[in-house]
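The values are calculated or read from the model by the stated rules, or taken from the named source; none is laboratory data. A quick note: this is a predicted structure, and the numbers were derived from the prediction, not measured. Note that each Cβ is placed from the backbone with ideal geometry, even for glycine, and that neighbours are counted across all protein chains shown. Side chains are part of the model used for accessible areas, which takes the heavy atoms of the whole protein and leaves out ligands, DNA and RNA. Shrake-Rupley method; radii C 1.70, N 1.55, O 1.52, S 1.80 Å.
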Amino acid sequence: MMRGLVLMLAGATTLLSQGEKIRVIAFGAHPDDCDIRSAGTAALFAAAGHAVKFVSVTNGDVGHHLIHGAALAQRRAAEAKESARRLGIEYEVLNNHDGELLPTLEVRRQIIRQIRQWNADIVLAPRPNDYHPDHRYTGVLVQDAAYMVVVPHLVPEVPAIRKNPVFLYYEDGFQRPNPFRPDIVVAIDDVIDKKIAALDSHVSQFYEWLPWVAGTLPEVPKDPAERKAWLKRARTREIGPSGPIRAALVKWYGPARGNAVKYHEAFEICEYGMQPNEARIRQLFPMLH
Ligand SMILES: [Zn+2]
């Protein structure tokens, strides 16, 4: 028992030596997906000096009712850049077409390259049972890369990583084949306005395209400050006093803080990649205390 404990602690220090940056890479299908699911967590990591990169696997070139193609892709790349500036992170938009993403070998190689080049400790992705085919295939692509990132003769131009990262899924509401399980829940109350500021960068989406799809375009205020307040009301949902999210918050933060949290982002541990124990999760998510 004692020997096991000593070995575990020794392992923990070699995995992340003091002062070392935690490296997080988040994948989304479109330039705004990573922001919606993890901008609060990203802001917390960035504020603590860690390294975060958002990657949009498509360029978002059909996500609008008035413009499309290169003009839209260019606009969305600029919005992503502004979001990254506000969060203190990096953002890369890959040049694959929106609405047509498939889990091909070519895109799998792109994902492997991204994870290796970032030397990621944590990889975030959607679950592969999302309603949107681009989201779904982004989930499949990251799953397909989860083991391959350590195989040196695959994509040999970028050296394979020696340690397999922890792969995590974003929270979603899909029930089949199984509902999302909140293994890690991060309190984002301190950075909720930063998260809204990140979403506010994606003007073409939150103030134009998404309200157009929902039929709520006339409700969007014209004034920049008013529409940001409207966005916060529309995009934030306080957690209830009970349920699995609240229970996870109490587990990670203790009852006093855990019961007081209003806003959160949650993640499920993927069965592929490194399987972290509780001590390792606390190392990788130092904000959990
Ligand atoms: Zn999307």
Which percent of the accessible area of the chain is formed by carbon and sulfur heavy atoms (probe 1.4 angstrom)?
57
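Rounded to the nearest whole Å², what accessible area per residue is found for the stretch 198-289 with the 1.4 Å probe? List each step's numbers first, then the result.
Numbers: 4820 Å² over 92 residues.
It amounts to 52 Å² per residue over the stretch 198-289.
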Could you please tell me the mean projected area of the C-alpha convex hull for the stretch 99-167, averaged over all directions and given in square nanometres to one decimal?
4.3
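For each pair in Lys222/Lys251; Lys21/Lys222; Lys21/Lys195; Lys163/Lys262; Lys81/Lys251; Lys21/Lys81, compute the distance between the two Cα atoms and list the pairs where it is over 32 Å.
Violating the 32 Å limit, Cα to Cα: Lys222/Lys251; Lys21/Lys222; Lys163/Lys262; Lys81/Lys251.
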Compute, for Lys262, the solvent-accessible surface of its heavy atoms (probe 1.4 Å) with the complete set of protein chains present, and express it in square angstrom to the nearest 10.
90
How many percent of all Cα-Cα pairs in the chain sit more than 31 Å apart?
27
Which residue fluctuates the most in the chain, going by a Gaussian network model with Cα springs under 10 Å, if the choices are Arg233, Arg176, Arg86?
Arg176
Rg [Å, one decimal], Dmax [Å, integer] - the stretch 97-242, C-alpha atoms
18.5, 54
Compare His153, His64 by solvent-accessible area with a 1.4 Å probe and give them largest first, with all protein chains kept in place.
His153, His64
Computed FRET value (nearest 0.05) for Glu238 with Arg282, which takes r as the C-beta separation and R₀ as 25 Å
0.45
I need the P(r) histogram for the stretch 21-92: all alpha carbon pairs, bin width 10 Å from 0 out to the longest distance, whole percents.
22, 50, 22, 6, 0
Residue with peak Gaussian network fluctuation, the chain [Cα springs, cutoff 10 Å], from Glu219, Glu82, Glu90:
Glu219
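With the other protein chains left in place, how much accessible area per residue, in square angstrom, belongs to the stretch 22-91 at a 1.4 angstrom probe?
On the way: 2290 Å² over 70 residues.
Value for the stretch 22-91: 33 Å² per residue.
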